[in-house]
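Take a look at the structure set out below.
The values are calculated or read from the model by the stated rules, or taken from the named source; none is laboratory data. Since this is a predicted model, take the numbers as computed values, not measurements. In this analysis, Cβ positions are derived from the backbone assuming ideal geometry, glycine residues included, and neighbour counts consider all displayed protein chains.
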Amino acid sequence: MKKNAFTIKVPGSTSNLGPGFDSIGVALNLYLTIYCTESDEWRFVQKEESKQHLPTGKDHLLYQCAKFVADKFGYDLPPYKVVVESEIPIARGLGSSGAITVAGIEMANQILNLQLSLKEKMLIASELEGHPDNVTPSFAGGCVVAYYHNDDLYYMNKKEMEKVDFVAMIPSFELRTKMAREILPEELPYMQGIQGSAIGNVCAAAIFQEDYVLLGELMEKDLFHQNYRKKLIPHYQEVTAYMKQEGAYGTFLSGAGPTMISICERGWAAEQGQKWKEDFPDLEWRILKVEDEGVRVEKN
């Protein structure tokens, strides 16, 4: 009898875009791909080119996320062999853990034939992650502005951001989200919260109106997290000022960092990229685009 087999491809993501803290995320053309085949036991195999020393059994995060879904709906998970291939750097603020969460949920959805809706899957992912900013664009594609509270999710989805490139500047060191969160204050002054919220509101409007000049200016006015986290990122202020001088609309800390991303007019980075690499050789530079298609499944 032919074994059930399928492939899941999940885009990575950037999040926050400055003031959209824990709310705004954008899917990018970096991918996590998992190849799933029925088996006698659960086994995870990391492809050599993306080796990241991850667990090989039921302690793998993919299994933990899939089991969470199965338990939620009262099912047992039959065993699968899962081959994992990832282009998304780990602990760099490009949605690596969010992509695994999305893949695990979709894996359970396929194995158990749950036929979950997009919103149902995004709700489960937000519950697991605690916030929607990375997982919602990886599910839906494009840019998602979302609010998750009391087990409900409110969101808007923007596609076709074809006028811009997202230029990622990736340091060589990892920065775990836990450490990047610990540096944040537990409370903000009331007026700072009001100002930060107003900046985020206009930032979201600029995205949907495709006013990237305004978006770039507002990204750098964030009051929620970048001022605290930038001390963990060498050259953050230097790179931000440099890219503004080079013609970028603006630069923000991607997720919890340490990756920095500049939003630039489409094609500009391809012309100037070599100069930028020469000026900052310690950074890995990637010219990324918004991925309009979210998680996709192919039956094998």
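Among the candidates LEU30, LEU62, LEU77, LEU17, which residue alone is crowded, with 17+ Cβ neighbours inside 10 Å, free of Cβ contacts under 8 Å to residues at least 40 places away in the same chain and touching a helix residue (DSSP H, G or I) at 6+ places or on another chain (Cβ under 9 Å)?
Within the list LEU30, LEU62, LEU77, LEU17, the selection yields LEU77.
Given the criteria charged (D, E, K, R), at pLDDT 95 or above and over 22 Å from GLU293 (Cβ atoms), does GLU38 qualify?
Answer is yes for this residue.
Quick one: which helices (runs of 4 or more DSSP H) lie wholly within region 108-187 and hold at least 2 residues that are in contact (Cβ under 8 Å) with a residue 12 or more places away in the chain and among the small types (Gly, Ala, Ser)?
The qualifying helices (runs of 4 or more DSSP H) are 118-129, 135-140.
Given the options GLU284, GLU298, GLU293, name the one that is closer than 30 Å to VAL83 by Cβ, touching a Ser or Thr at 6+ places or on another chain (Cβ under 6 Å) and of a type in the set (Asp, Glu).
On inspection, the qualifying residue turns out to be GLU298.
Got at least one residue in region 239-252 being in contact (Cβ under 8 Å) with a residue 12 or more places away in the chain, assigned to a strand (DSSP E or B) and of a type in the set (Gly, Ala, Ser)?
Yes, there is a match, as at least one residue in region 239-252 is in contact (Cβ under 8 Å) with a residue 12 or more places away in the chain, assigned to a strand (DSSP E or B) and of a type in the set (Gly, Ala, Ser).
Given the structure, is TYR249 surrounded by fewer than 18 Cβ atoms within 10 Å (Cβ to Cβ), modelled with pLDDT of 95 or more, outside the structural domain of ILE24 (by TED's automatic domain parsing) and not acidic (Asp, Glu)?
When the stated conditions are applied, TYR249 does not pass them.
Would you check if GLY294 is within 30 Å of LEU116 (Cβ to Cβ) and either within 20 Å of the chain's Cα centre (by Cα) or surrounded by fewer than 23 Cβ atoms within 10 Å (Cβ to Cβ) (or both)?
Against the criterion (within 30 Å of LEU116 (Cβ to Cβ) and either within 20 Å of the chain's Cα centre (by Cα) or surrounded by fewer than 23 Cβ atoms within 10 Å (Cβ to Cβ) (or both)), GLY294 qualifies.
Please go through region 130-151 and give me each residue that is of a type in the set (Asp, Glu) and modelled with pLDDT under 95, ordered by number.
ASP151
Run down SER23, SER39, SER117 and say which single residue is of a type outside the set (A, V, I, L, M), within 30 Å of LYS221 (Cα to Cα) and out of contact with any Cys (no Cβ under 6 Å at 6 or more places or on another chain).
When all the criteria are applied, what remains is SER23.
Would you confirm whether any residue within region 269-283 is touching a residue at least 12 places away in the same chain (Cβ under 8 Å) and under 24 Å from ARG181 (Cα atoms)?
Checked against the condition, which is being touching a residue at least 12 places away in the same chain (Cβ under 8 Å) and under 24 Å from ARG181 (Cα atoms), region 269-283 yields at least one hit.
I need a count of the residues in region 207-218 that are within 15 Å of GLU265 (Cβ to Cβ) and among the hydrophobic types (A, V, I, L, M, F, W, C).
Going through region 207-218 one residue at a time, the tally reaches 3.
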